[in-house]
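Everything below concerns the one structure shown next.
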Amino acid sequence: YLKISKLALAFAIIHSKPPGKSCKEYAEHLAKIVSEQDTSLVSGSLWKAKVEALEAEVLRLRQELLLNKICPKFYLENSASDENLLVQEGANSTSYSSQLEDSGCDVSNDYSFDSLGTSDFQQSEHNPHTSKYFLEIVPPLSLCCNKEEPLTAPVQFLQHLLEIRKLSEIGNLQADFTKLEDDSFTICSSVSQLLDGLTAFYKSPKFPVSDIITEAVCVLISLTADTKLSNHVLKKCFKKLDEFQRNIIQIILRNSSINRFQALHAVAHVLVLLGRNSILRNSLISLLLSEVHQFAEQMCQAHQIQDAYDITQYENIFYLFMILEQLLQNETEESNISSSQYDGEEKRKFMKNLDQIILYLSDEFPLFSLYLWRVSVLLNSAQIQ
């Protein structure tokens, strides 16, 4: 690889050298320029930005190529679509976002709930024309290079995959999804971009929220819910999805802003939706049980030595209880179709000495103790069934 790179560089220097200079002189001149640029912080940032832009362009081209391999007919039809789709989508985004103004004080405004990306998925989930909906809103992939919004490219690439999947399922298209096995890099990079973008947003959500965030959540949930595509995605991107779940849990626990509860509720709901996938559900339950058990032990220690405890984390821990209860209730209700019930190592750690912890904390922290007991009942009921 190094020899090929050197040879390519030599040819480039030879072809671009100005008249009157030898190749050696021109190479030394270029080396001096590059060396000066490397010593400058500003120039270094510019080069980094250029590299990132080129990497993004390479990924976009790989996405186009992969879609073309999976279903050439779909790709050609979409590439021939009118650019007015982009203009129309931008107008719709502006109109929708204008409704999501949040004063930062009114915690009863339902728009800030929906704007974090859950309501549109719930509406389209039971829509019989979802396939048509996706086809109408997804602009051609070749037009999806939005420098201001890094989420745009991965969202629209994955939307195309979902649309091809839906159309092929009803027999309107012929698609070869075995091609996904041959290009794990493109899938992994696209999903990673999507998850990194959502993580960055959830760390400091801003209102009004752009439509692309809502679309990103819809795509992520649809991707994990699709039986065929989720197998490819989970196989290649499980570590990244697990990291995303860990990051979201920490965001919930550490958020200390005053007007945070609506945002945390919506973020928690995203984890509940991800937990519909049986594989992700088991790993998510393990993560949640681990955090709750760890916090319960911290509460016991603080109570024993009459030390102060983190009131913010105490308030936020109830969102983890909410997620756990919903996931465990789903596990119990769907036990007749579930491939496996949760019985991981974290469950055994959580149940160990739990009765003593509940009795010890019940006088000082009755609500926390009650929720611990409710989770233990759900874990035991799933085991009994």
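Read-outs: derived from the displayed coordinates by stated rules, not from any lab. None of these values were measured; they are calculated from a predicted model. Cβ sites come from the backbone with ideal geometry, for glycine too, and all protein chains shown count toward neighbours.
Checking the cross-link pairs LYS69/LYS228; LYS179/LYS228; LYS69/LYS166; LYS179/LYS236 against a 19 Å limit on the alpha carbon distance flags no pair as lying beyond it. Taking a ≥ b ≥ c as the square roots of the Cα gyration tensor eigenvalues, the range 277-384 comes out prolate, since a/c reaches at least 1.5 and a/b is larger than b/c. Annotation for the range 259-319 versus the range 191-243: alpha-carbon center distance of 21 Å. Using only side-chain charges placed at the Cβ, +1 for Lys and Arg and -1 for Asp and Glu, the dipole size of the range 235-280 relative to its Cα centre rounds to 180 debye. Net length available on complete extension from ALA49 to PHE238 is 65.2 nm, with 0.36 nm assigned per residue and the Cα-Cα distance removed. Sorting 239-249, 280-290, 348-358, 154-164 by their mean Cβ neighbour count within 10 Å, with the most densely packed peptide first, gives 154-164, 280-290, 239-249, 348-358.
Taken about its Cα centre, the range 277-384 carries a charge dipole of about 260 debye when Lys and Arg each add +1 at the Cβ and Asp and Glu each add -1 at the Cβ.
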